[in-house]
Structure formats: structure tokens, C-alpha cells
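Down below is the structure, laid out as C-alpha cells.
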Amino acid sequence: MVRIEPRYLDAPGGRLFCLDVMPAGPARGYVFHLPAFAEEMNKSRRMVSLAARALADAGWHVFIVDPLGSGDSEGDFGDASLASWVTDAAWCRQQLPAADLPWVWWGLRSGALLASQASQQAGGDALLLWQPVSAGKLFLTQFLRMRLATESLAGGGAADTKPLRAMLDAGESLEVGGYMLSPAMARELELAELKPAAGLPLCWLEISAREEPELLPASRQRVDALRAAGHDVQASAHNGPMFWQSLEISEVPALVDASVAALASLSLAEAVDGVVA
């Protein structure tokens, strides 16, 4: 039976809430979750929990950690930074179980950017990416549009994000969807790109609204670029709702099943299978 234990980690930047999701027997490897940004993280908790349990059933020890300033961890969101989140993730890898078993960074949406940076900073054996954001600049624009939508409903507001970016450039923090976006965080997002550690195998999983699910054109281009750069990439799309932004809490069982299958078949599979009792 899967075991779940909550605890706190005394990371350099402050206490982090961690949920350990452990297999019944010996672990075949470790999976560390790097969540989506702001409210997307909360919308995704159900899916992350389902996947963590399924991965633990398959023998993986999964760590779900709330980044500093989010969830049940210490700090304020407006004081956090991408750099501090990545540093904390790297620290967690050093403090958590010994790295003699495969270590997988699991990134959801903008968490994929963090996962790729963590792989650069702390190493790792593979990436599991859910609906990954490839460029932080585009994601920042989408995030700022949430504020524009709110202002539009209130009967005012600009037609594009340029005024908001000007406010950030001037050193002013912005409230977006209940979250305080600092100028420093905005600058980090602007520059962030999906660049995994050299040669790292990865699995790219997406949600598709098509009857026959397929990757978005931009995703296909990015996957091709990663393969050209020497990465072993498994990529697939699956039918289901965009759970990270849906009004109701949604589930996509196919995505969970695909994740379990992916970690069983990535390039690290031989090393993993050698550990299984």
C-alpha cells in the first residue's frame, strides 16, 4: 500500500512543506515535482496527487514540495523568485535520499522551466514534463493578460500588456489573480527557457482537444529541437480537460497512465529495473 507522509524541510530560504508519497516496497527511483505557477498550481493538485499515487504504486518515491511563498511553505509569493525555487529544489535533492537511484524531475507547465534549470544545477536522470512551458516570456504575457481580463470586466484597462510591463520595469509589483508578481520574478520569467541538462532523456506529455490527440505545432517544433540537441524525447498528447485552468477540478486518467508508462520506458529503464526487488 502506498504511504503518504507530510513533513517540513528546513531549506536555506525557509521551511518548505513536503508530501512524501512512498511505495510499499523498495523504491526504484525518485520523482521530484516542480509545480505550475500561482493559481495553476492549486487547480492541478488533484491531478498531481493522482499521478503521485500511481507512480508510487509503480515503485517510485515521489516528493511534492510547495515552493517558498506558495501552498503550505513559509514566505510570501511576492518575495519569491525562480532562482530561489530552483536552489531549494537542488538543496532538496542533496538532503533527501541518496542519489544512487534514478532521479526524475517532474515539471508541470512553468514548472518545466524549473525542472530544466534544476537538472542543470543539480543533475538528474530524466525529465517528466506535463504541458510544458518552453519560453517564460510567452507565459509572462499570458499571466499578465489575466489582469487585463479582470480590468476589462470592471469596465476599464489597457488593450495590451505594455503598460503592465512598463510598471514592472519601473520597479512596481503587480497583483494578478490574487498573486503579487514582483519585478524580479517578471524579469526571471522573461528570460527563462526550457534547456535541460545535456543529453538528459525526457518525456513530453500534453493535453489535446482533438478527437485524435496530437501535439501543438509549437510543441512539435520544440521537441524536434530537443532531439536535434541530443535528447531522447518521448512525446505524446492525450484527450482531456486543461485541468490547470478549468473552473472545476478536473482529472485526466490518460495522462496519469502515460506518465507511469513513460518512466518505465525512458532510457534509464535498465538502471531502474536493476534496482527492483
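The values are calculated or read from the model by the stated rules, or taken from the named source; none is laboratory data. The structure displayed is predicted, hence computed values, not measured ones. As a convention, Cβ positions derive from the backbone with ideal geometry for all residues, glycine included, and neighbour counts pool all protein chains shown.
Sort out which residues of segment 166-197 are under 21 Å from the mean Cα position of the chain (by Cα) and at positive phi, and write them in order of number. It would help to see each step written out before you state the result.
Applying the first criterion (under 21 Å from the mean Cα position of the chain (by Cα)) to segment 166-197 yields 176-182, 184-197.
Answer for segment 166-197, where residues must be under 21 Å from the mean Cα position of the chain (by Cα) and at positive phi: Gly177, Gly178.
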Item checked: Filter result for Ala83 (assigned by TED's automatic domain parsing to the domain that holds Leu114 and under 20 Å from Trp244 (Cα atoms)) -> no
Check: In this structure, is Asp20 surrounded by fewer than 20 Cβ atoms within 10 Å (Cβ to Cβ) and in contact (Cβ under 8 Å) with a residue 24 or more places away in the chain?
Finding: yes
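Conditions tested, residue by residue: (1) modelled with pLDDT under 95; (2) more than 30 Å from Pro102 (Cβ to Cβ).
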position	(1), (2)
Leu127	no, no
Gln131	no, no
Met146	yes, yes
Ala149	yes, yes
Asp160	yes, yes
Arg165	yes, yes
Gly171	no, yes
Ala192	no, no
Gln221	no, no
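Give segment 227-251 a look and list any residue that's outside any loop (DSSP other than H, G, I, E, B) and either charged (D, E, K, R) or touching a residue at least 40 places away in the same chain (Cβ under 8 Å) (or both), or say none. I'd like the intermediate steps shown before the answer.
Taking segment 227-251 as the starting set, the residues that turn out to be outside any loop (DSSP other than H, G, I, E, B) are 227-228, 233-239.
Correct list: Arg227 only.
Taking the stated definitions as given, is Glu39 among the charged types (D, E, K, R) and touching a residue at least 24 places away in the same chain (Cβ under 8 Å)? Full working, then the answer.
On the way: among the charged types (D, E, K, R): yes; touching a residue at least 24 places away in the same chain (Cβ under 8 Å): yes.
Judged against the criteria, Glu39 is a match.
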Next item on the list: Being farther than 30 Å from Thr161 by Cα and either of a type in the set (Val, Ile, Thr) or under 13 Å from the mean Cα position of the chain (by Cα) (or both) is the filter here, so list the residues in segment 116-138 that pass it.
Entry: Ser119, Leu127, Leu128
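Yes/no per residue for (1) in contact with a helix residue (DSSP H, G or I) (Cβ under 8 Å, 6 or more places away or on another chain); (2) more than 21 Å from Leu181 (Cα to Cα):
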residue: Ser44; (1), (2): no, no
residue: Ala56; (1), (2): no, yes
residue: His61; (1), (2): no, yes
residue: Val65; (1), (2): yes, no
residue: Gly69; (1), (2): yes, no
residue: Glu74; (1), (2): no, no
residue: Ala80; (1), (2): yes, no
residue: Val86; (1), (2): yes, no
Next item on the list: Count, please, the residues in segment 198-248 that happen to be surrounded by 19 or more Cβ atoms within 10 Å (Cβ to Cβ) and over 20 Å from the mean Cα position of the chain (by Cα).
Entry: 0
